[in-house]
Structure formats: C-alpha cells, structure tokens
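Peer 1: I have a structure I would like to understand better, so I am pasting it below and will then ask my questions one at a time.
The values are calculated or read from the model by the stated rules, or taken from the named source; none is laboratory data. As the structure is a computational prediction, the values presented were derived from the model and not from experiment. When we count neighbours, we look across all protein chains shown, and the Cβ atoms used for this are built from the backbone with ideal geometry, even at glycine.
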Amino acid sequence: IDPSDPNACHNRGSLHSVMGNYQEAIADFTAVIKSHPKDADAYNNRGICLYEMKDFYGAIADFTEAIKINPDYADAYNNRGISNYEIGDYQQAIDDYTEAIKLEPKDAKTYYNRGILRYFTKKYQEAIDDFEKAADLYQQQGKNEDYQEVMKMIRKLKN
C-alpha cells in the first residue's frame, strides 16, 4: 500500500478498526493526517480507535480537531460526547449531544444518550423530554426494540 495514498490508508485503517486492530488503524489514520491535515474523517476515525483503546483524552482531542475542521460534523460531536461521558464530564457531553442534535435532529440515539446524562445530572424532566423525543423517532423509524427500551426508561422515571 502506498502510504502517500490517503484513500488506501483510510480504507485499510477502517478495515483494521473493524477487525479490532486499533494500533494499526491509528497508524493508517495518522498517515492520512500527515499528508492531509484537514481530513476531518481521519481525525474522527482515529479518535474512535483511541476511544476503543480507552484513551479518552486522546479521543477527545481528535474529535475536537475534526470539529474544528468541519463544524457541522455531527458524528464527531456524538463521539466526543461519548468520550466526555467516559471521563465524567457530563455537562460537556450534554453540550456535545446538543450540538449533534442541532445538526442531525432525527438521530434518536443522540436524544437517548443526552437523556441518560440529564438523568445522571438529576435533570429528570429534561431527561424525560429527551427520552420521549427518542421514543417518537424510534417509532417513526420502525425501530421497535429501541422504542420499547426507551419507553421502559420513561415509565421508570415517571414513577
């Protein structure tokens, strides 16, 4: 594989990532970043690998860089939100999910994730609102299993 070919490195990095070979994937995404420092996908994908390796701060740095390059990158906000959750920065995670929702308002999982964090921060009514929105979206999208799971959360919170 030609290390100067960003598409080849990106594709191989994605394959390594899917197979759980995160070090190799990180090397490939780093090669892409070296030759194309404005490649937001490479930063996001490397961040996912760092997250999987439990390097949450490294992951946050990469997701932040992806967002700087592409401020409309909902997946990077989502991924940074998950990483901020892992380090216990719930408010920053909520803020990241809020940005992702602005960009992708039909993403039920993001409402669900934000609802979990609002529950953790004792913002129960806001959590219920997020869970209800997630339930509506899951129902519209025909994701009945996810819908049922969210409805259980809503019932639990309302009791």
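Peer 1: Take segment 129-159 and flag every residue that is among the aliphatic types (A, V, I, L, M) and at pLDDT 95 or above.
Peer 2: Selection gives 134, 135, 137, 150, 151.
Peer 1: Pairs under 8 Å by beta carbon, first residue closer than 15 Å to residue 41 by Cβ in segment 53-78, partner in a loop (DSSP other than H, G, I, E, B), six or more apart or different chains?
Peer 2: Between residues of segment 53-78 that are closer than 15 Å to residue 41 by Cβ and residues that are in a loop (DSSP other than H, G, I, E, B), the close pairs are 66/73; 67/73; 69/38; 69/39; 74/104; 74/107; 76/70; 78/107.
Peer 1: For segment 1-62, which fully contained helices (runs of 4 or more DSSP H) count at least 2 residues that are at pLDDT below 95?
Peer 2: Where helices (runs of 4 or more DSSP H) fall fully within segment 1-62 and carry at least 2 residues being at pLDDT below 95, they are 6-18, 22-35.
Peer 1: So, one more: Within the set of pairs 6 or more residues apart or between chains, which connect a residue that is β-branched (Val, Ile, Thr) inside segment 95-110 to a residue that is not in a helix (DSSP H, G or I) with Cβ atoms less than 9 Å apart?
Peer 2: Going by the 9 Å Cβ cut-off, the qualifying pairs are 101/107; 110/104.
Peer 1: Something else now. Could you please let me know if residue 81 is part of a helix (DSSP H, G or I) and either in contact (Cβ under 8 Å) with a residue 12 or more places away in the chain or surrounded by fewer than 16 Cβ atoms within 10 Å (Cβ to Cβ) (or both)?
Peer 2: yes
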